[in-house]
Amino acid sequence: MNFIRNKRRKNVKSYQDKMKGKRTIVFDFDGVIHRYSEGWKDGSIYDIPTPGIRETINKLSKEYRIIVCSTRCAEPDKLKEMQDWCDRYEIYVDDFSVGKPVASMYVDDRAINFTGNCNKLIKDIRNFEPWTEKYKHTCAYCGKTFYETDPLKQARKYCSNKCKMRNQE
Ligand SMILES: [Zn+2]
């Protein structure tokens, strides 16, 4: 597996020391780190980070080696765009990889957790919806798309309190 090194990493020896004993987490890019609200579109990285993902990855990166795995790594221009985007939003990533590297965990918006139960697997496949579809809502006041991932707030109709208030005026 050829890893593409994070350009900010200069010293190989200190990097190896830093990664010693750390377990690896592989993150998918689109729909996990990149919010990806309109899908692949023209192939550009057009969206903001998924809310909270920067803080989460940066927290995890103290304990784990963070690898971003994406087909975007196969093209030099797309890879650079992704690295620059991560830098711009200060998301700390150790490596980028086009193939699926060995890891302790995989974080993917299109993954189904296989538990060994094949009947459950078929059900899970048939019922599958990525979060970007499942939790997508349209504001009843302004028509804007918003996401509500909290299961207790799924009935929410408005993108913000402002819209809720305005609708009651
Ligand atoms: Zn609204």
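For the stretch 96-111, give me each residue that is under 15 Å from the mean Cα position of the chain (by Cα) and closer than 28 Å to Gly21 by Cα. Quick ask: steps written out before the conclusion?
Our first condition is that a residue be under 15 Å from the mean Cα position of the chain (by Cα); within the stretch 96-111, this holds for 96-97, 105-111.
Matches in the stretch 96-111: Phe96, Ser97, Met105, Tyr106, Val107, Asp108, Asp109, Ala111.
Which residue pairs have Cβ atoms closer than 9 Å, lie 6 or more positions apart in sequence or on different chains, and pair a first residue in the stretch 147-169 that is over 18 Å from Gly52 (Cα atoms) and touching a residue at least 12 places away in the same chain (Cβ under 8 Å) with a second residue that is assigned to a helix (DSSP H, G or I) and within 15 Å of the ligand (Cβ to nearest atom)?
Arg156/Lys164; Lys157/Cys163; Lys157/Lys164; Lys157/Asn167; Tyr158/Lys164; Tyr158/Met165; Tyr158/Arg166; Tyr158/Asn167
Among the residues of the stretch 104-112, is there at least one that is touching a Cys at 6+ places or on another chain (Cβ under 7 Å) and not in a strand (DSSP E or B)?
Taking the stretch 104-112 as the starting set, the residues that turn out to be touching a Cys at 6+ places or on another chain (Cβ under 7 Å) are none.
The answer is no, given that none of the residues of the stretch 104-112 is touching a Cys at 6+ places or on another chain (Cβ under 7 Å) and not in a strand (DSSP E or B).
Give the number of residues within the stretch 72-93 that are under 18 Å from Ile57 (Cβ atoms), not aliphatic (A, V, I, L, M) and not in a helix (DSSP H, G or I).
Looking only at that region, the number is 3.
Which numbered condition in (1) more than 16 Å from the ligand (Cβ to nearest atom); (2) under 23 Å from Pro49 (Cβ atoms) is the only one that Lys144 fails?
Condition not satisfied by Lys144: (1).
Regarding Tyr92, is this residue closer than 22 Å to His34 by Cα and surrounded by 13 or more Cβ atoms within 10 Å (Cβ to Cβ)?
Spelling it out, Tyr92 is indeed closer than 22 Å to His34 by Cα and surrounded by 13 or more Cβ atoms within 10 Å (Cβ to Cβ).
How about the stretch 49-87: which of its residues are closer than 17 Å to Asp108 by Cα, crowded, with 18+ Cβ neighbours inside 10 Å and among the polar types (S, T, N, Q)?
Matches in the stretch 49-87: Thr50, Ser70.
For the stretch 128-169, which residues satisfy the criterion of being among the aromatic types (Phe, Trp, Tyr) and loosely packed, with under 13 Cβ neighbours inside 10 Å?
Phe128, the sole residue that qualifies.
Can you tell me which residues in the stretch 147-169 are part of a loop (DSSP other than H, G, I, E, B) and either away from the ligand (no atom under 13 Å from the Cβ) or of a type in the set (D, E, K, R) (or both)?
Once the filter is applied, which keeps residues that are part of a loop (DSSP other than H, G, I, E, B) and either away from the ligand (no atom under 13 Å from the Cβ) or of a type in the set (D, E, K, R) (or both), the stretch 147-169 yields Glu148, Thr149, Asp150, Gln154, Ala155, Arg156, Lys157, Glu169.
Six or more apart or on different chains, Cβ atoms under 6 Å: show the pairs whose first residue is in the stretch 122-143 and farther than 30 Å from Met165 by Cβ and of a type in the set (A, V, I, L, M) and whose second is away from the ligand (no atom under 16 Å from the Cβ) and not in a helix (DSSP H, G or I).
Between residues of the stretch 122-143 that are farther than 30 Å from Met165 by Cβ and of a type in the set (A, V, I, L, M) and residues that are away from the ligand (no atom under 16 Å from the Cβ) and not in a helix (DSSP H, G or I), there is no close pair.
Computed from the coordinates by the stated procedures, all read-outs in this text should not be read as laboratory data. This structure is a prediction, so every number in the text was calculated from the model and none was measured. No Cβ is skipped: glycine too gets one built from the backbone with ideal geometry, and neighbour counts run over all protein chains shown.
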